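Scroll down for the structure; my scribbles are underneath it.
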Amino acid sequence: KNEVEQSPQNLTAQEGEFITINCSYSVGISALHWLQQHPGGGIVSLFMLSSGKKKHGRLIATINIQEKHSSLHITASHPRDSAVYICAVRSVSGSRLTFGEGTQLTVNP
Amino acid sequence: NAGVMQNPRHLVRRRGQEARLRCSPMKGHSHVYWYRQLPEEGLKFMVYLQKENIIDESGMPKERFSAEFPKEGPSILRIQQVVRGDSAAYFCASSPTSGAGYEQYFGPGTRLTVT
C-alpha cells in the first residue's frame, strides 16, 4: 500500500461543476502539498498546509490531521483547470516529499 | 526573481553515454531536491542537498547516479552509462531552508530520453 493514496485516479467534469479530489496518507507528516502538473509537464505548487483550510481563488484545500486526510476542491471548474493534481506529504523527520500517483482532471466545455 | 531553472529541458542520450542535468535554485535558496518521474508513474524523491553537502540520498539508485551542489554554480545530477530505463522527467525543487514551514519551488524539469 502506498503511503499516499489519491482518489479518483481520473475525473471528467463539465465546465462549472464543483470538483473534489481526495488524498489519504498513512504516515506522520509535517506538511501536505497540493501540486498541479499541466500537459507540458511543469509543476506548480498550489497549497502547502499543516492544519485547517486554505483558499486561493476558486481552489480550496482542507486537511484533517487526525484522520490523515486532505481534500482539494475546485469551484466553478473551467477547461483550463484540466491537469494532473498531485498530493505530496512531507515527513516529520526530514524534508523529502512523498507523492500520490496523481489525479488526471479533464474539464469539458 | 527568477524561478528554479533547469537545463537542458530535453536531453537525448544513447545507451552507455553520460547525462548531466543542471539545476539552478531560486535566488537565496540553499536547499535543492531532485525528483524523478518515470513514464506513467508518480514522482519519486531521489536526493536532497545543501550547499556542498548531501543530506539525504536514500532515493538514489546505488549505481551510476550521483549528485552534487557545489559552493558555486548549479546542482548537478549525473547519470553514468545511461540505460533505457533511465528515460524519465527529472525535476528539481529548491527551498530557502528545510522544515515544514517552507515551500519547495519546482523547476520545469529535464526530459531525458535514452535511445
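None of the figures in this text is laboratory data; all of them are computed from the coordinates on show. Bear in mind that the values here come from a model prediction, so they are computed numbers and not experimental data. When we count neighbours, we look across all protein chains shown, and the Cβ atoms used for this are built from the backbone with ideal geometry, even at glycine.
So here's what we get for this one:
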| read-out | value |
| --- | --- |
| Under 15 Å, Cβ to Cβ, from residue A:51 - net charge with Lys/Arg +1 and Asp/Glu -1 | +4 |
| Mean separation of Cα contacts under 8 Å (6+ apart) over length of chain A, as relative contact order % | 38 |
| Cα centroid separation, the range B:69-87 to the range A:32-109 (Å) | 28 |
| Hull-based mean projected area of the range A:1-63, where the convex hull spans the alpha carbons, in square nanometres | 5.4 |
| Label-reachable residues, the range B:23-47, where backbone N falls under 20 Å from a point 7 Å from residue A:10's Cα toward its Cβ | B:38-43 |
| Radius 11 Å from Cβ of residue A:60, net charge of other residues (Lys, Arg +1; Asp, Glu -1) | +4 |
| GNM flexibility winner over chain A from A:50, A:82, A:93 (Cα, springs under 10 Å) | A:93 |
| Cα gyration tensor shape for the range A:37-109, rounded if a/c is under 1.5, else prolate or oblate | oblate |
| Reachable aspartates and glutamates, given that their alpha-carbon falls under 18 Å from the alpha-carbon of residue A:53 and they are not under 8 places away in the same chain | A:67, B:103 |
| In the range B:28-115, trypsin sites (Lys or Arg not before Pro) in a DSSP loop with at most 10 other beta-carbon atoms within 10 Å | B:62, B:71 |
| Residue-count net charge about residue A:71 - beta-carbon cut-off 15 Å; Lys, Arg +1, Asp, Glu -1 | +3 |
| Fraction of the pair-distance distribution of the protein assembly as shown above 29 Å, Cα-Cα pairs, percent | 27 |
| Interchain or long-range residues, amide H under 5 Å from residue A:13's placed H | A:106, A:107, A:108 |
| Directionally averaged shadow of chain B, computed from the convex hull of its alpha-carbon atoms, nm² | 6.9 |
| Within a Gaussian network of chain A (alpha carbon springs, distance under 10 Å), most fluctuating of A:56, A:73, A:33 | A:56 |
| Computed magnitude of the charge dipole of the range A:27-89 (debye, nearest 20; Cβ of K, R +1, Cβ of D, E -1) | 160 |
| Cleavage-rule hits (GluC sites (Glu not before Pro)) in the range B:32-115: DSSP loop, at most 13 neighbouring Cβ within 10 angstrom | B:40, B:41, B:52, B:63, B:72 |
| Highest-MSF residue in chain A out of A:20, A:62, A:12 [GNM, Cα springs under 10 Å] | A:12 |
| Amide H contacts of residue B:114 (H built 1.01 Å from N, under 5 Å, at least 5 apart or other chain) | B:13, B:87 |
